[in-house]
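Following: one structure in structure tokens, then a few remarks.
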Amino acid sequence: MDYARMREIGEELARHAPDPFVGYEIVGDQIVMMTSPGRLHAFIAWLIREQLAEQLRETSPRLIAHTGGEVADPTIGRLRRPDVLVVPYDVFTERTMDPFEPADVVLVAEIVSPSHHTNGYLDKMAEYPAMGIPLYLLVDPREGTVAALSDPGRGPDGPRYRTRSDYVFGDVVTVGSWTVDTTDFRTYP
């Protein structure tokens with residue numbers, strides 16, 4: 001089924017979804033209904049957004065960090081809802097209901113779910129570089145680890161990030177020209 005038809009179906013399902021539905025993702029021929037993340041998941045996303053927002057005001061005032069946006073790439077049939085994304089202010093304030101275009105997204109951060117951990121490690125690890133998103137921050141509260149990925153390009157098995165730096169909770173993580181202090185990050189119970 002083509003991407004446009006998948007979006008129509010997703011929008012129709014969203015109109016009828018019960019709370020705590022927050023949105024949907026399109027993953028190839030699947031529509032994945034999203035619910036509110038747990039408190040710890042949301043807390044880590046908030047910490048990342050706050051730290052990036054503070055640095056962006058100082059170093060890159062035309063960029064903003066945001067929790068709760070969508071990025072869509074119809075060419076690969078994907079619509080994703082990263083936990084945190086960084087986009088230009090001018091793009092963020094456009095009068096549109098459309099998802100962000102991958103070319104406008106500078107960074108995405110994902111917090112691994114306790115129940116769907118392969119999503120961040122396998123699916124998004126291939127999709128975000130295929131979209132050309134320059135920076136991917138992958139936080140895993142199951143293990144207390146963080147991976148900062150960059151330099152999207154072709155690999156032997158398809159699109160991938162060619163640079164990766166691994167950290168543990170408590171480290172100061174470098175992602176692009178910014179840092180994220182993970183001292184207050186907590187693992188899942």
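Every read-out reported here was derived from the displayed coordinates using simple, explicitly stated rules and does not represent laboratory data. Everything quoted here is computed from the prediction, not taken from an experiment. Don't worry about glycine lacking a Cβ; one is built from the backbone with ideal geometry, like all the others, and counts go over all protein chains shown.
Key figures for this structure:
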| item | result |
| --- | --- |
| Under the Karplus curve 6.51 cos²θ - 1.76 cosθ + 1.60, θ = phi - 60°, whole-Hz ³J(HN,Hα) for region 61-77, x wherever Gly or Pro sits | x, 8, 10, 10, 9, 9, 9, x, x, 10, 10, 10, 9, x, 5, 10, x |
| Positive-end residue of Thr179, Leu56, Ile9, charge dipole of the chain with Cβ unit charges | Thr179 |
| Label point distance in nm, Ala14-His66, each placed 7 Å from Cα along Cα→Cβ | 1.3 |
| Model label zone, Val168; criterion: amide N under 17 Å from point 7 Å along Cα-to-beta-carbon; scope region 123-151 | 139-148 |
| Extension gain from Ile76 to Ala4, taking 0.36 nm per residue of separation minus the Cα-Cα distance | 24.7 nm |
| The chain - share of DSSP beta bridges that are antiparallel (%, nearest 5) | 85 |
| About the Cα centre, charge dipole magnitude for the chain (Lys/Arg +1, Asp/Glu -1 at Cβ), debye | 140 |
| Rh (Kirkwood; distinct C-alpha pairs) - region 97-189, Å | 13.7 |
| Peptides 125-133, 48-56, 3-11 ordered by average Cβ neighbours within 10 Å, highest first | 125-133, 48-56, 3-11 |
| 0 to 90° range, to nearest 10: angle between helix 39-59 axis and the chain longest Cα axis | 70 |
| Net lengthening on full extension, Arg39/Arg186 (0.36 nm per residue, minus Cα-Cα) | 51.8 nm |
| For q = 0.18, 0.19 Å⁻¹, Debye-computed log10 I/I(0) when each Cα of the chain counts as one equal scatterer | -1.32, -1.46 |
| For region 39-127: rounded, prolate or oblate by the Cα gyration tensor [a/c cutoff 1.5] | oblate |
| Charge-dipole axis of the chain as Lys and Arg at +1 and Asp and Glu at -1 on Cβ define it, positive-most pick from Tyr188, Leu40, Val91 | Tyr188 |
